[in-house]
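The values are calculated or read from the model by the stated rules, or taken from the named source; none is laboratory data. Only a predicted model underlies this, so the values are computations on that prediction, with no experimental measurement involved. A quick note on method: Cβ atoms are made from the backbone with ideal geometry, for glycine too, and the neighbour counts reach across all protein chains shown. Heavy atoms of the whole protein, side chains included, go into the accessibility calculation; ligands, DNA and RNA do not. Shrake-Rupley method; radii C 1.70, N 1.55, O 1.52, S 1.80 Å.
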Amino acid sequence: MIYMDNAASAPIHKDVVAAMLSCINKTYGNPSSIHRAGRMAKRSIEAARSSVAELINADPSEIFFTSGGTESNNTILRNPSYRNIITTQIEHDSILEPCRSCRGEKSITYLPPDEFGMISPESLESTITKQTDLVSIMTANNEVGTIQPIEKLSNICKGYGVPFHTDMVQAVGKMPIDVGRMGVDAASISSHKIRGPKGVGALYIRGGIKTSPLIYGGGQEGGLRSGTENVPAIVGFGEAARIARQQLHDDMQHVTSLRDTMTYRIMSEVSHVTYNGHPLHRLPGNAHLSFLGINGEDIIIKLDEYGMAASTGSACSVHTQKESHVLRAMKLDGDVISGSLRLTLGPDNTMADVDTAIHTIKRVVAELRRVSPLKEKYAF
């Protein structure tokens, strides 16, 4: 299989698997126990905590393990202290759905993006007030890959004394992250986006920021996230973070080169194609294209038949079969939204994969356009 759906989930790294297997076999104590086996498990968690902290230039005491990005986002958004919230129209559903569920209890303002999926600092400046309790704006969009001007946005929040949270799930491990320099007060991270295991993530919270548990119990994770820790998954997450930090520069150059080659050739060799998202400020491995006259879901199904994995957008909301709220918020044309295809490359992809992908995409697009009801409109 040619796998180009790394934004949905990245293949787990072999060293992560080895670290987890070793943990499962040797580190079986409860990390809350005070005997040797428990202390060994606790040390493994703290080592992973330090590794995740180093990846984003945080202090280990500011990292709290969760079950993933969704739980991290919910923990922040459902905090009862935050009643007046500003977010955006293009957030992941794990931000938007908690906001919808709190309708009537909280006041939520949604900032619109421009046609490139960018949130302007001016729109935040014109909306934020001293009564705002929280601003939550994603670092990089999970569909079109646009990277937001987080430092500028957080500086505006600082001027009003408002905490700034960012969903970093797509950005961590794919671009340099320094939460101090960026001025971030809280950030959500997921393991399986950086070649770690599924079902584990983290919430970064700068000291002094109001916190409230989403899950109550035995008081693990500094009282913020109760429940016996999934030690093997946390160890795997820590190893994935170590690898991502060590290989970040090389991985960025590699996937950017592959992406640029692939998008240039597709745009040159296939007619009626649009490139969505910001042309420059975007994640290295993200290529979001629309093939006019055909349906994105049909493209995905046909690509899968030919041994290629891709997506139209967020895998987390694919079962709802709804139009992309991100592309709709960007005010893209209906045919552009309908024909969208998200290709997300990772460090394991090769130029041979790109060549095969281009050949397969051209074949699938040609087949679908031959039977398209819009072929006369676009003169295929």
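Below, the figures for the structure above:
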| item | result |
| --- | --- |
| Among (1) farther than 15 Å from residue 227 by Cα; (2) touching a residue at least 24 places away in the same chain (Cβ under 8 Å); (3) surrounded by 14 or more Cβ atoms within 10 Å (Cβ to Cβ) - the single one residue 60 does not satisfy | (2) |
| Meets criteria (open to solvent by 40 Å² or more (accessible area, probe 1.4 Å) and out of contact with any Ser or Thr (no Cβ under 9 Å at 6 or more places or on another chain)) for residue 268 | yes |
| Options 95, 86: the member that is at pLDDT 95 or above, surrounded by 15 or more Cβ atoms within 10 Å (Cβ to Cβ), within 14 Å of residue 165 (Cβ to Cβ) and more than 19 Å from the chain's Cα centre (by Cα) | 86 |
| Qualifying residue in the stretch 131-143 (condition: part of a loop (DSSP other than H, G, I, E, B), open to solvent by 50 Å² or more (accessible area, probe 1.4 Å) and touching a strand residue (DSSP E or B) at 6+ places or on another chain (Cβ under 8 Å)) | yes |
| Which numbered condition residue 281 misses (of (1) open to solvent by less than 70 Å² (accessible area, probe 1.4 Å); (2) out of contact with any Gly (no Cβ under 6 Å at 6 or more places or on another chain)) | (1) |
| Residue match in the stretch 312-320 (condition: within 28 Å of residue 69 (Cα to Cα) and at pLDDT 95 or above) | no |
| Total residues in the stretch 354-368, condition hydrophobic (A, V, I, L, M, F, W, C) and either open to solvent by 10 Å² or more (accessible area, probe 1.4 Å) or more than 26 Å from the chain's Cα centre (by Cα) (or both) | 4 |
| Candidate set from the stretch 330-343 (those that are of a type outside the set (Lys, Arg), touching a residue at least 60 places away in the same chain (Cβ under 8 Å) and open to solvent by 10 Å² or more (accessible area, probe 1.4 Å)); member that is farthest from residue 267 (Cα to Cα) | 332 |
| Count of residues meeting criterion [in contact (Cβ under 8 Å) with a residue 12 or more places away in the chain and open to solvent by less than 60 Å² (accessible area, probe 1.4 Å)] in the stretch 31-46 | 4 |
| In the stretch 260-315, the residues that are among the aliphatic types (A, V, I, L, M), over 23 Å from residue 177 (Cβ atoms) and without any contact (Cβ under 8 Å) to a residue 24 or more places away in the chain | 267, 273, 301 |
| Only listed residue being crowded, with 20+ Cβ neighbours inside 10 Å and of a type in the set (Lys, Arg), chosen from 225, 206, 181 | 225 |
| Tabulated pairs, the stretch 148-176, first over 18 Å from residue 207 (Cα atoms) and open to solvent by less than 50 Å² (accessible area, probe 1.4 Å), second basic (Lys, Arg) and in a helix (DSSP H, G or I), C-beta under 7 angstrom, 6+ apart or interchain | 169/193; 170/193; 173/193 |
